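Visitor: Let me begin by handing over the structure; questions about it come next.
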Amino acid sequence: MGHQASRHPTRRAERPRRGRARGFGGALGLTALSTVLPGTGLLCVGRRALGLLLLVPALVLVGWLGWELGRDPSKALDVAFDAQRLTVVTTVALVVLLLWVLNVVLTYVLVRPRDRSRGQGVLGAAFVLLLCVAVAAPLALVARYSVVQKDVVQKVFTHNRTVTAPADVTVEDPWGGRRRVNVLLLGGDGNVHRPGVRTDSVVLASIDTGTGRTVLFSLPRNLQRVPFPVESPLHALYPDGFTGSGDVAEWLLNAVYRNVPALHPGVLGRSDNEGADAVKQAVEGALGITPDYYVLVNLEGFRSIVQAVGGVTVNINQRIPIGGNTDLGIPPDGYLEPGPNQRLDGFKALWFARGRYGLDDYQRMDRQRCMIDAIVNEAKPLTVLRRYERLASVGKQIVRTDIPSTLLPAFVDLADRVKTGGLRSVVFRPSDRFAPSDPDYAWVHRTVRKALRQSERAGSTGSTASTGQGGGSKAGPSPSSPASPGASPSASATPDPAQAVDAADTCAYHPVP
C-alpha cells in the first residue's frame, strides 16, 4: 500500500497541466505549427477559444486573397499602380505582421512546459525569435515595397497630364477601341522634370494590341522642317514646318521639346508637359500616325538603370568610342572593342548607346534600340524583385510619361505579348529618297503605312520573320546566340530606309570589317 501510494505523486507530477504541451519538443512543434497556420497549436492543447480567434481570421484572409487572385490575377497589378490601395496594403501588412508575431510568441508562452531547464529556456527563446523573423521578413518587405511603389506612382504617373493623350480610354477598354497603341520613346539629355531638355533619341513604337507585334520607327534628331498636324495650333504658327531664323540647330526635331514651350507657352492648352505635347504632334506630322503616349528617359540617368539590373549583355560589331568630340577634334578616352555577348556595366552601356565620335547618328540609333532590348532581357522577375528599391529610386528621377497609372496593368499585359509577338524596326537614313535636311514627308507617310501593313500581314499568318521592302525574310540571332564572324545578316549592310528589319538582325553579331 505504502509503495503504491508513493508512486501516485510521481504520476501526478508527470501529467501535463491542461493547455500545455507534453515536453519541450512538443512545445516547439506546436509553436511551429501555429507559425504556419495561426491558432492551430493552441487548438491542439485544448485552448479552443483563443485558437479559433487566431485561426478563423487567418483562414478568411488567405481564402479571400486566393479567391480574388484566382478569379482575376490582374487585380494585383491594379493594386500595384493605385496609390490609395498601396497605402491600404502597407497598413494591412504591418497589422498582419504584428498579429502574426504575437500569435507565435503567445503560442509558445502558453504551451511551453512550466518545468524546463535554463538551456531549454534559451533554446526556446531563440527558436521563437527565428520564427518571428521568418514571419516578419516577407511582410515587412511587402510593406516597404508598397511604400516605395506608392512613391513611384505619385512621382512618375501623376501630375503629368498632356492634352495629346487619348481621352476615350477606360480601365475596361484601355485602348479606346483602337487596334494599335502608339508610344513615343524619347531619350533626353537633361533632367526630365525640368525645362531645357533636348530629345536626342526619338522612336515611335506602334504596337498591335491583339498580337503584340511591334514596329519601331526611328527619326533622326537632326530632322528639319518637321510639320505639325493641320488641326494643331502649331500648324498655324509653322505652316511650312518647324523652322525659323537664326541657328538651324534651334529648329531641328530634337529642339521641339525645349523650344515650343519657351516660344509659345500655353499654345496647346492646359498641360503638365507642353514639350511632350509639342514633340508628339511633331512626330505625328512627320510619320503620319498619332502618338498616344510618351515615355521620356534621361539618357545620363540610363546608366543607373543598367547598374540597378546588374549590367547588360550585347553584341558589339565595331569599335565604339568612349567620350570624344568630332566637331572639336577631341579624341575619345578609349573604346569598347568588338565581340559577341559582351557584358557591360552602366558606364560602358551608356557609351554603347551614346558614343558617336567618328560614327553617325544612325549607327547610334541602331545601338540604342539594341540597348532597349538588352535591358528588357535583363528584367527578369527575380532580378527586378531583388533590386526593386534601387530601380524604383532611379526610375522616379529619370522617367516621365503621360501614361495614366490606371492603364498600367493593361500595358504590363501588352508588354508580355510584345515579347512574343515579334518586333521590326524602320530607321529613316539618308538615301536618294530621304534627306533629314529636306525630307519628303509624303514618302515617309507611305513608308510607315507599308511597314504597318507588312506587320499586320505577318501577324495574321503567325510569321515572326522580317520581310523587307524588297521581299524575302531574314531571322537574325540574338546576343545569346551570336552569328559566326563571317556571317552577314541583313542588318549588317545599310538597309533601305523604307525597309522594316527584324530587331534580332540589327542586334546580332556581324562585325564590321
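Every number in this text was worked out from the coordinates using simple rules, so none of it is lab data. None of these values were measured; they are calculated from a predicted model. Every residue, glycine as well, gets a Cβ built from its backbone with ideal geometry; the counts of neighbours run over all protein chains shown.
Visitor: Based on the Cβ-Cβ distance from residue 387 to residue 264, what FRET efficiency comes out when R0 is 51 Å, to the nearest 0.05?
Guide: Taking R0 as 51 Å, the efficiency between residue 387 and residue 264 is 0.75.
Visitor: Going by C-beta contacts inside 10 Å, put 510, 264 in order with the fewest on the left.
Guide: 264, 510
Visitor: Oh, and also: So for region 274-349, averaging the separation of alpha carbon pairs under 8 Å that are six or more residues apart and normalising by length, what relative contact order in percent results?
Guide: 29
Visitor: Just want to confirm a number: the relative contact order over region 288-416, from Cα pairs under 8 angstrom separated by 6+ residues, in percent.
Guide: 33
Visitor: Cα to Cα, under 14 Å, and not fewer than 8 places away if on the same chain: which aspartates and glutamates meet these conditions relative to residue 155?
Guide: Excluding near neighbours in sequence, the set is 82, 272, 402.
Visitor: Over region 13-156, what is the mean sequence separation of C-alpha contacts under 8 Å (at least six apart), divided by residue count, expressed as relative contact order in percent?
Guide: RCO, region 13-156: 34 percent.
Visitor: Rounded to the nearest 0.05, what FRET efficiency do residue 375 and residue 236 have when you use their Cβ-Cβ distance and R0 = 45 Å?
Guide: 0.65
Visitor: Mind checking the alpha-carbon convex hull of region 13-156 and giving the volume per residue in Å³?
Guide: Taking only Cα atoms, region 13-156 has a hull volume of 98 Å³ per residue.
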